[in-house]
1. As a test, work out the antiparallel percent of DSSP beta bridges whose residues both lie in the chain, rounded to the nearest 5.
2. If ASP141, ASP171 are ordered by their accessible area, calculated over protein heavy atoms with a 1.4 Å probe, which sequence runs from highest to lowest?
3. Counting only heavy atoms of protein chains, what accessible area per residue, in Å², does the chain have with a probe of 1.4 Å?
4. Once the whole set of protein chains is in place, how much accessible area is left on SER164, using a 1.4 Å probe, in Å² to the nearest 10?
5. Can you count the Lys pairs in the chain whose Cα atoms are under 18 Å apart, with each pair 8 or more apart or on different chains?
6. Per 10 Å bin, what is the whole-percent P(r) computed from every C-alpha pair distance within the stretch 1-102?
7. As a test of reading the structure, rank CYS105, CYS225 by solvent-accessible area (1.4 Å probe, protein chains only), most first.
8. When the solvent-accessible surface of protein heavy atoms is calculated with a 1.4 angstrom probe, in what order do ARG237, ARG84 fall, highest first?
Amino acid sequence: MSPNILTIENLTVSFDGFKALNQLNFSMDAGELRVIIGPNGAGKTTFLDVITGKVQPTAGRVMFKGRNLRSISEHQIARLGIGRKFQTPRVYLNLTVRENLELSCNRNKNVLSTLWVSTPASERKTVVQLLETIGLVTKADVKAGFLSHGEKQWLEIGMLVAQSPDLLLVDEPVAGLTDEETALTGNLLLSLAESHSIVVIEHDMEFVRQIARKVTVLHEGSVLCEGSIEEVQNDPRVIEVYLGKPATEGEAV
Ligand code: ADP
Ligand code: MG
C-alpha cells in the first residue's frame, strides 16, 4: 500500500479544451494538514471536484490510499473515506444541532427516525464528544437555523467528522466569518488534524498563517510551488501571480 494517503499523477481536466487542471502532480502523507492556496481560477475547486469524483480526469489519475479512483462514483468515494465540506453549510435548519449530529453518526437512519426513535447510549457519547470538539455543547438543543454562519460551519464539520473520514477536504471554511469565528475555526481544524488527514483550500492569508504547516500553491491548473508559509510567501513566482508584477523588497502575499 502507498505510504501517501493521496497521490495525484499528471492530472489534466479539460472543459471544452480549456485545461482547468494541467498535468498536476501532488501527494500528501497520511496525517498531514495541507493548505492549498492560489489566485481565482487557479483550479482549486476543480482539484477537489476530481478527488471526490464529481469531475472525471481527462488524463492522469488520483490515488487514495493506493487505490485508483477512476470510474468510482462520488457516493462510493465518500464511503471509501473522503469527506468534503462545501463552502455553503449543508445542515438541516429545522433540526437541532444534536439531531443533525445524530443523523450523521448513523447513516442508515433517516430524518424521521432521528426524531422519534431513542438514541442508543453508545451513539449519544459520540454526539457529546462531537459537540465538545466543535464547541457547540451549549447550543446542542438549538435548531440549526438559529446558529450564526460560523456555528453552522462548525456543525457541518462535526457532521463530516461523525462519518469518520480518513481524508477531510475543506473548501474556504472562513469565507464570511468574523475574526473571532475564523480563529476558532483554525483551532478546530488544528485539533481535527491530530487524528485526520486534511486538505484546506483558503484565500484568507491570516488564517493560512494560523493553521499552515505545508502549503501548496496552485496556478493555472498546476502546482507552482510548495513549502512552509514563509517559503511560499517569499517565493518571487508566488508574489508575481498574486500581485501581477515582479517582487520588490519587503513585499509579501
Ligand atoms: P478556483 O477554485 O481556484 O477559483 P476553479 O477550479 O473553480 O478555480 O476553476 C478553474 C478554471 O476552470 C476557471 O477558469 C473556471 O472558469 C474553469 N471551470 C471550472 N469549472 C468549469 C466548468 N464546469 N466548465 C467550464 N469551465 C470551468
Ligand atoms: Mg474555488
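The values are calculated or read from the model by the stated rules, or taken from the named source; none is laboratory data. The structure displayed is predicted, hence computed values, not measured ones. As a convention, Cβ positions derive from the backbone with ideal geometry for all residues, glycine included, and neighbour counts pool all protein chains shown. Surface areas here come from the heavy atoms of the whole protein model, side chains and all, with no ligands, DNA or RNA. Shrake-Rupley method; radii C 1.70, N 1.55, O 1.52, S 1.80 Å.
1. So the antiparallel bridges amount to about 55 percent of the total.
2. Numbers: ASP141 110, ASP171 10 Å².
The ranking, largest first, comes out as ASP141, ASP171.
3. 48
4. The accessible area of SER164 comes to roughly 80 Å².
5. Qualifying lysine pairs in the chain: 11.
6. Going from the shortest bin to the longest, the percentages are 13, 42, 30, 12, 2.
7. Numbers: CYS105 40, CYS225 15 Å².
Largest accessible area first, the residues go CYS105, CYS225.
8. Working: ARG237 120, ARG84 25 Å².
Of ARG237, ARG84, the descending order of accessible area is ARG237, ARG84.
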